[in-house]
Amino acid sequence: MTTLPETTQRKMGLVIDLDTCVGCHACVVSCKGWNTENYGAPLSDQDPYGDDPRGTFLNRVHSYEVQPLAESGMPHPAAQLIHFPKSCLHCEDAPCVTVCPTGASYKRVEDGIVLVNESDCIGCGLCAWACPYGAREMDAAEGVMKKCTLCVDRIYNDNLPEEDRVPVCVRTCPAGARHFGDLGDPESDVSKLVEERGGMDLMPEQGTKPVNQYLPPRPKDQVMAAPEAQIDVLAPLLAPVAEEPKGFIGWLDKALEKI
Amino acid sequence: MLDQPKLDTSPKVSDEVRKTTCYMCACRCGINVHMKEGKVAYIEGNRDHPVNKGVLCAKGSAGIMQHNAPSRLRAPLKRVGPRGSGEFEEISWDEALEIATGWLEPLRQEAPEKLAFFTGRDQSQSFTSFWAQNFGTPNYAAHGGFCSVNMAAAGIYTMGGAFWEFGQPDWENTKLFMIFGVAEDHDSNPIKMGIGRLKERGAKVIGVNPIRSGYNAVADEWVGITPGTDGLFILALVHELLRAGKIDLRYLAEYTNAPVLVNCDTSSPDHGLLMRDADGKLLVIDRATGQPAPFDRKGVKPDLSTSYEKDGVTHRPVMHLLAERYMGEDYAPEAVAERCGVSARRIRAIAAELARVAFEEEIVLDREWTDFRGETHKTMVGRPVSFHAMRGISAHSNGFQTCRALHLLQILLGSVEVPGGFRFKPPYPKPVSIHPTPHSKVTPHRPLDGPHLGFVRGPEDLALKEDGSPARIDKAFTWENPMSSHGLMHMVISNAHAGDPYKIDTLFMYMANMSWNSSMNTRGVIDMLTDKDEAGEYVIPRIIYSDAYSSEMVAYSDLILPDTTYLERHDCISLLDRPICEADAAADAIRWPVVEPDRDVKGFQTALILLANKMGLPGFTNEDGSAKWADYADYMVNHERKPGVGPLAGWRMGEDGPQHGRGAPNASQLDNYIENGGFFVSHIAEEHAYMKPWNMGYQEWAVGMGLYDSPQPFIFDVYVETMRKFQLAAEGHGERQPPEHLRERIRATLDPLPIWYPPFEDGHVDPVEYPVHALTQRPMAMYHSWGSQNAWLRQIHGRNPLYLPTKIWEANGFADGDWAKVTSTHGEITVPVAHMAALNENTVWTWNAIGKRKGAWALEKDAPEATKGFLLNHLIHELLPPKGDGLRWANSDPVTGQAAWFDLRVKIEKTAAPEEVHPTFAPIRSPVGTGPDELRWKVGK
Amino acid sequence: MHPAPSVIVFTTLSGLGFGLLFWLGLGVIVPTGWVAFTFFVIAYLLAVGGLMASTFHLGHPERALKAFTQWRSSWLSREGVSSVAALVVMAVYGAGLVFFDTAWMLVGVIGAVLSAVTVFTTSMIYTQMKTVPRWNTPLTPLLFMAIALAGGALLAGQVAIALILMPVAAAVQVIWWLRGDKALAQSGTDMATATGLGSIGTVRAFEPPHTGNNYLLREFVYVVGRKHAQKLRLIALLFGYTVPFVLLLVPFSHIAALVAVLAHLGGIAASRWLFFAEAEHVVGLYYGKR
């Protein structure tokens, strides 16, 4: 099963909006909670109350500071901070699957979800080596590889109300920065969103063809970006009606007449 | 080998879902607690809940780790070692209640004020204050005084409500959203949801904050302002908008006191007071007649420009004073740019953007409504700019005036309670006139003469004794901070220790970590708590404390009443208190024990009822001497604040069965709540959903809901007359006179129109020696939570560096892994540093309350929270540096007494990396041991 | 990459063991009886010992047999299959030498090829990792093969072959290092592509996702000081290649041979330690490491 399916019927995945993510870690912890209680072994924590607390998480939120280059319009652009959630990208050419010696790692034909069959996993760690994104973490207590399941135990679950059949990170995200759907269907909401907002692959040069897409942050600090254009547009808005309070009161009188 | 494993994609999720209210922070979201085999298996947001609509933050999802934390207290504790040692013995509840009443009852009989009862992160203040009032002590408050009273009080005094639980932006319609000093603050999930909605629509967000993290990181425009100068920046925006005439004149004339006439005779004892008719109605000039008329008379068209002469005294509309103040050069962008750290060009660009969106992208909703003057309008006109602000602007000694300045800006733009603007959540807006005034009259063995906290209308309402000395231990409602509506919890221990204004006997606190992160000057507070007098007795003789967890404060208490976790308790999030309403709905909620405690603990409110019953407190006792309520659940259902109005508004008993709003107690009320998902919600009709202060339809709905007893329409106070009354006193008018040393400060700071003055610390500390502003904010995954004991959350934030801007980083040659010595005029800490470019160049900051005391929270002594985590609290004092006048000057806002945490100034020096952060504190003994070495948390099979 | 002792021991010993089996199988040396027995015991101790060591880092060694199933796609599985095949075939060949004083050459050659294939498959486990640019080069199998064959020749006492292969292996080693030092920079993967944020400006990691440690950081982010690395490279060159080469030049003695083999083993162990410790996994970029 280690070979990848030639095609999958659907390409289910996440679209993560970097313009909207406020970095609250809600997705991180809800994922921890759901996947501790559900699919496979619990996500364990070592030394949870001690000096080196460390545990298995399937989703973590990084943060990056980006310093834009100076331009004539913006000689001193402010640095920007971007929160960056990262979990398995369910790649079409998932290198983590093909390296697996036991067939525990596989990519589902029906939806493209990459999973680990824990009862076949020998815990060699090679799949984690093969993944450029750090999407797989070996559980120290269980000795098997854990990874995002795209909540395969939720998205088809008849025991959940229809609207809850989404990955738990998507359900919980307060800012709505995470979207779930079929990225193989150009007509799906997520595909349209990717199209509209210029969704991107992470590390495209690795050739993994990630299914998950990231929407880039929108341009920031634009009010001052192009001084000539902006100020000309805005200047009439601040054209004074009066320079002094006295003149202002006269203006008030006239303006009130018009109401 | 090409077969995929067979997978069960429809596993059973849980045996049962129990719906209650989260308490991992102060947001009060609805949660679905999934149970397996009677245990908590998984927690998610409740989709039907008005606050969070299904989403849940990191804290909420980590609730299972809080509920099962090894730091949970297990039984009542009696101190057996010295204070601070952490040496306790477990005792029975009978013994604990016996000890407590043994201490409290004599006080009640002789001197109730010798009990100081302060509750920290209390969500039951209408109940705890009721208890304190019936005990008879004037010394009660919750934590608002060190949190955000500037915001709350400025909002209520200006427009009958502030941000957070008072109101919200019109998320669905606003086109430009501007936030000031907002980190992960109050209302966290709703703000995230709202920002998400704006982003979906491509609406713009402007973030004003020295630090570009969190919401400011996703803001389209970031204004990295210098701390403490927000007021100046806002007033410069006001300056530009006034000059350009980009203000909503109709709105100002009809819905605010801008047209109200002011006595402008500087020699009059009423100078600066508003003109009223014989019925006490505010007077405006009616443009139709040119004559004075009551502001609310049918058909009156208030004038903003005409003055009025009476008995030789000129009365001018507030609008004149406004124009004179803010059109002056003092508030020109060029004049403020350097102090604010924002260029004049940028200030203008933002003012223009506000003007453009407010006036060129006007929203009109076809909703007919009738205003309080009886005029019916076919439409609702909206200015789609909205604002939100929080502690970043309020936790300064100029915070009250800064918050007022922001409300002034909102009001000038006509963007409060209109489509696309800022909207109130019931029971707000509530004008000051229907809030209580503070009460502090003590009669032994009798209840206090009224509610402790309230809104003063003038010097006559101050909480002063006959001799003019403060009636309250925290000196709330005194000349030092006359409008301190939330009390001053941060001054209680300091004042009690100093015996200023008097000594107390028992300090009784709930969920307030005063010997650690909830105090300024942590070391000093620890010393005050352990200090003994000449007779060898503790200066603060007795301390009772209630907490669910082994916090740092436990070690400094004599008697511990262990509280339950939030999943084991009853609570009501009441309309009488701080409810969970949305702009479109009234709502309240309960907590109920989704699991029973497995320890000998009781919900704190139930413990209070047991104490009250043991003492037979009036209010808790029937005429026959029997107890009214057995526990808090009983109180929630059966207490009536006034006939028909109780803690919970849903499913009250009417003549024809259950009804909402007003009604008699209903024995099955809690079951009704549980059936409904733990909350009650009643929606407001569309045509009543905006213009609430003036919309008679809304006013009548509110009366039906029990929010008011009669319609209470009002106009916004851009000019706060109450403040002018304090100024008049300072100028020598009136019977109650401030002490000499405070006259000048009152005159200068209690200005009835918003002003800006530099934070007090700037005036006391040499800005050349201490050139750097130092701030804290709580991380999103821990805001208002007790996260360090949480095995999942502490992996995310287990230590905190001090973030330094590029200028300071480079000037000192810092590199990754370096440490710095940080010095304020009060103290010194040595801490790890890290670089952040997206930061005001003169500001440093860190995550607050990550640092923990060794031995607390059931963590091991070498936990990173204790060795690498730190508090800035050690650098901040509750008092300003002595001036040499022998007086204790609080490090607080002079209007409300809010703790001025963010005035802090420091200097930074690179230093060799020590083993641990400095200062270090000796470990305290944990009354609950430490946690396990590994967690494999799975309840189901 | 975390230089796990189990993997260093495994690749070092089994490489040498299969190298020896290669030369034995080819019939370059055809010992019989006790001498053959000794050679084969040494070869099997090294090869099997190495393989055993490699199971120490498994989370579930009891499931190791499952690793033979995925030979069509997984180099690790192929390594398992080929190593067992090599060991079985060479056992047959060895039994002929030890018990029947007979060299079944066809069996030997097949065993030799399988031994070489085993070393090759081992190297391909690393070579295939696009995530570790330092490894992702045809030079990696070349290096593994050169070391295994040179070491095998040394152990087999094939002075002439060893004298040729030792310098070859050393040269490949140096070239591999020089290329490796530039590999990450030339891979095209950096923080800009990792985050997709490069079009905005210069990307810098701000806060790590967790202040607490995690598997990824322990497994993939290992930083060796530059000086320390240079020192170890010299040690590897000196002991792994130079000392054995020099000792091969001096007249044969058992002591010198033993020293040569031990020096070689030590040197190669140092080289292998660096092979892992210096290898940069691209996931480190997400943490701003490298």
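For every residue, the table says whether it meets (1) within 30 Å of residue B:582 (Cβ to Cβ); (2) under 25 Å from the mean Cα position of the chain (by Cα).
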residue: B:433; (1), (2): yes, yes
residue: B:460; (1), (2): no, no
residue: B:489; (1), (2): yes, yes
residue: B:498; (1), (2): no, no
residue: B:513; (1), (2): no, yes
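Within the range B:108-135, which residues are in a helix (DSSP H, G or I) and not polar (S, T, N, Q)? Explain how you work it out, then say what you get.
In the first step, residues of the range B:108-135 are kept if they are in a helix (DSSP H, G or I); the result is B:108-110, B:112-114, B:125-135.
Matches in the range B:108-135: B:108, B:110, B:112, B:113, B:114, B:127, B:130, B:131, B:132, B:135.
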Tell me, please, whether a residue that is of a type in the set (Gly, Ala, Ser) and buried (at least 22 other Cβ atoms within 10 Å of the Cβ) can be found in the range C:54-64.
yes
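Could you identify the single residue in A:143, A:103, A:134 that is on the phi > 0 side of the Ramachandran plot, modelled with pLDDT under 95, in a loop (DSSP other than H, G, I, E, B) and within 7 Å of chain C (Cβ to nearest Cβ)? Even if it seems obvious, please write down each step before you answer.
Values: A:143 fails: modelled with pLDDT under 95; A:134 fails: modelled with pLDDT under 95.
On inspection, the qualifying residue turns out to be A:103.
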Mind counting the residues in the range A:9-33 that are more than 8 Å from every other protein chain (Cβ to nearest Cβ) and part of a strand (DSSP E or B)?
5
Within the range B:896-923, how many residues turn out to be touching a Phe, Trp or Tyr at 6+ places or on another chain (Cβ under 8 Å) and either part of a loop (DSSP other than H, G, I, E, B) or not small (Gly, Ala, Ser) (or both)?
14
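Out of C:76, C:97, C:20, C:45, which single residue is within 22 Å of residue C:263 (Cα to Cα) and surrounded by 22 or more Cβ atoms within 10 Å (Cβ to Cβ)? Walk me through how you get there before you give the answer.
Numbers: C:76 fails: within 22 Å of residue C:263 (Cα to Cα); C:97 fails: within 22 Å of residue C:263 (Cα to Cα); C:45 fails: surrounded by 22 or more Cβ atoms within 10 Å (Cβ to Cβ).
Selected residue: C:20, the only one of C:76, C:97, C:20, C:45 that is within 22 Å of residue C:263 (Cα to Cα) and surrounded by 22 or more Cβ atoms within 10 Å (Cβ to Cβ).
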Could you identify the single residue in B:285, B:347 that is surrounded by 15 or more Cβ atoms within 10 Å (Cβ to Cβ) and either touching a residue at least 60 places away in the same chain (Cβ under 8 Å) or among the polar types (S, T, N, Q) (or both)?
B:347
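Filter the range A:66-91 down to the residues that are surrounded by fewer than 21 Cβ atoms within 10 Å (Cβ to Cβ) and away from chain B (no Cβ under 11 Å), then identify the one that is nearest to residue A:136 (Cα to Cα). Explain how you work it out, then say what you get.
Taking the range A:66-91 first, the residues surrounded by fewer than 21 Cβ atoms within 10 Å (Cβ to Cβ) are A:67-78.
Still in the list and also away from chain B (no Cβ under 11 Å): A:69-75.
Values: A:69: 34, A:70: 38, A:71: 40, A:72: 44, A:73: 43, A:74: 41, A:75: 42 Å.
Filtering first and then ranking leaves A:69.
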If you check B:144, B:181, B:160, which single one turns out to be of a type in the set (Gly, Ala, Ser), in contact with a Lys or Arg (Cβ under 8 Å, 6 or more places away or on another chain) and modelled with pLDDT under 95?
B:181
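Go through the residues of the range C:4-23 one by one and say whether even a single one is out of contact with any helix residue (DSSP H, G or I) (no Cβ under 6 Å at 6 or more places or on another chain), of a type outside the set (Val, Ile, Thr) and assigned to a loop (DSSP other than H, G, I, E, B). Don't jump to the end; show me each part of the working.
Pass one, the range C:4-23, residues out of contact with any helix residue (DSSP H, G or I) (no Cβ under 6 Å at 6 or more places or on another chain): C:4-5, C:7.
In the following step, the residues that additionally are of a type outside the set (Val, Ile, Thr) were identified as C:4-5.
From what's left, assigned to a loop (DSSP other than H, G, I, E, B): C:4.
Yes, because at least one residue in the range C:4-23 is out of contact with any helix residue (DSSP H, G or I) (no Cβ under 6 Å at 6 or more places or on another chain), of a type outside the set (Val, Ile, Thr) and assigned to a loop (DSSP other than H, G, I, E, B).
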Of B:76, B:70, the only residue that is crowded, with 23+ Cβ neighbours inside 10 Å and at negative phi is B:76
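Restricting to strands (runs of 3 or more DSSP E) lying wholly in the range B:807-895: which have 3 or more residues that are within 14 Å of another protein chain (Cβ to nearest Cβ)?
Values: elements: B:819-823, B:828-835, B:843-847.
Correct list: B:828-835, B:843-847.
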Considering the range A:139-170 alone, what residues qualify as being closer than 16 Å to residue A:14 by Cβ and basic (Lys, Arg)?
A:147, A:154, A:165
From B:861, B:852, B:941, grab the single residue that is touching a helix residue (DSSP H, G or I) at 6+ places or on another chain (Cβ under 7 Å) and either surrounded by fewer than 18 Cβ atoms within 10 Å (Cβ to Cβ) or basic (Lys, Arg) (or both).
B:852
In the range C:172-226, which residues are over 30 Å from residue A:19 (Cβ atoms), at the interface with chain A (Cβ under 7 Å from one of its Cβ atoms) and among the charged types (D, E, K, R)?
C:219
Subset of the range B:337-357 [facing another protein chain (nearest Cβ under 10 Å) and within 25 Å of residue B:756 (Cα to Cα)]
B:343, B:345, B:346, B:348, B:349, B:350, B:351, B:352, B:353, B:354, B:355
For residues in the range B:653-680 being crowded, with 21+ Cβ neighbours inside 10 Å and in contact with a strand residue (DSSP E or B) (Cβ under 6 Å, 6 or more places away or on another chain), which is farthest from residue B:705 (Cα to Cα)?
B:677
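Quick check on residue B:44: is it in a strand (DSSP E or B), within 14 Å of chain A (Cβ to nearest Cβ) and out of contact with any Cys (no Cβ under 6 Å at 6 or more places or on another chain)? Step through it out loud before you land on a result.
On the way: in a strand (DSSP E or B): yes; within 14 Å of chain A (Cβ to nearest Cβ): yes; out of contact with any Cys (no Cβ under 6 Å at 6 or more places or on another chain): yes.
It is true that residue B:44 is in a strand (DSSP E or B), within 14 Å of chain A (Cβ to nearest Cβ) and out of contact with any Cys (no Cβ under 6 Å at 6 or more places or on another chain).
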Tally up the residues in the range B:304-327 that are part of a loop (DSSP other than H, G, I, E, B), without any contact (Cβ under 8 Å) to a residue 12 or more places away in the chain and at the interface with another protein chain (Cβ under 9 Å from one of its Cβ atoms), please.
0
Among all residue pairs at least 6 apart or on different chains, which show Cβ distances below 9 Å where the first residue, located in the range A:186-209, is among the small types (Gly, Ala, Ser) and the second is surrounded by 13 or more Cβ atoms within 10 Å (Cβ to Cβ) and in a helix (DSSP H, G or I)?
A:199/A:190; A:199/A:191; A:199/A:193; A:207/A:95
Conditions (1) free of Cβ contacts under 8 Å to residues at least 40 places away in the same chain; (2) more than 19 Å from residue B:294 (Cβ to Cβ) -> residue B:277 fails only (2)
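Suppose we keep only residues that are among the small types (Gly, Ala, Ser) and in a loop (DSSP other than H, G, I, E, B) within the range A:179-189. Which one would you say is nearest to residue A:13 (Cα to Cα)?
Kept after step one, since they are among the small types (Gly, Ala, Ser), are these residues of the range A:179-189: A:181, A:184, A:188.
Next, from what is left, pick out any that are in a loop (DSSP other than H, G, I, E, B): A:184, A:188.
Working: A:184: 9, A:188: 12 Å.
This residue is A:184.
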Is it the case that residue A:154 is outside any loop (DSSP other than H, G, I, E, B), more than 22 Å from residue C:71 (Cβ to Cβ), in contact with a Gly (Cβ under 8 Å, 6 or more places away or on another chain) and away from chain C (no Cβ under 14 Å)?
no
Single condition residue A:192 does not satisfy, out of (1) more than 18 Å from residue A:19 (Cβ to Cβ); (2) out of contact with any Asp or Glu (no Cβ under 9 Å at 6 or more places or on another chain); (3) outside any loop (DSSP other than H, G, I, E, B); (4) more than 7 Å from every other protein chain (Cβ to nearest Cβ):
(1)
Can you go through B:223, B:149, B:205, B:182 and tell me which one is out of contact with any Pro (no Cβ under 8 Å at 6 or more places or on another chain), surrounded by fewer than 24 Cβ atoms within 10 Å (Cβ to Cβ) and closer than 30 Å to residue B:802 by Cβ?
B:205
What residue, among those in the range B:905-920 that are surrounded by fewer than 20 Cβ atoms within 10 Å (Cβ to Cβ) and hydrophobic (A, V, I, L, M, F, W, C), is nearest to residue A:31 (Cα to Cα)?
B:913
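The values are calculated or read from the model by the stated rules, or taken from the named source; none is laboratory data. Please read these numbers as outputs of a predicted model, since none were measured by experiment. As a convention, Cβ positions derive from the backbone with ideal geometry for all residues, glycine included, and neighbour counts pool all protein chains shown.
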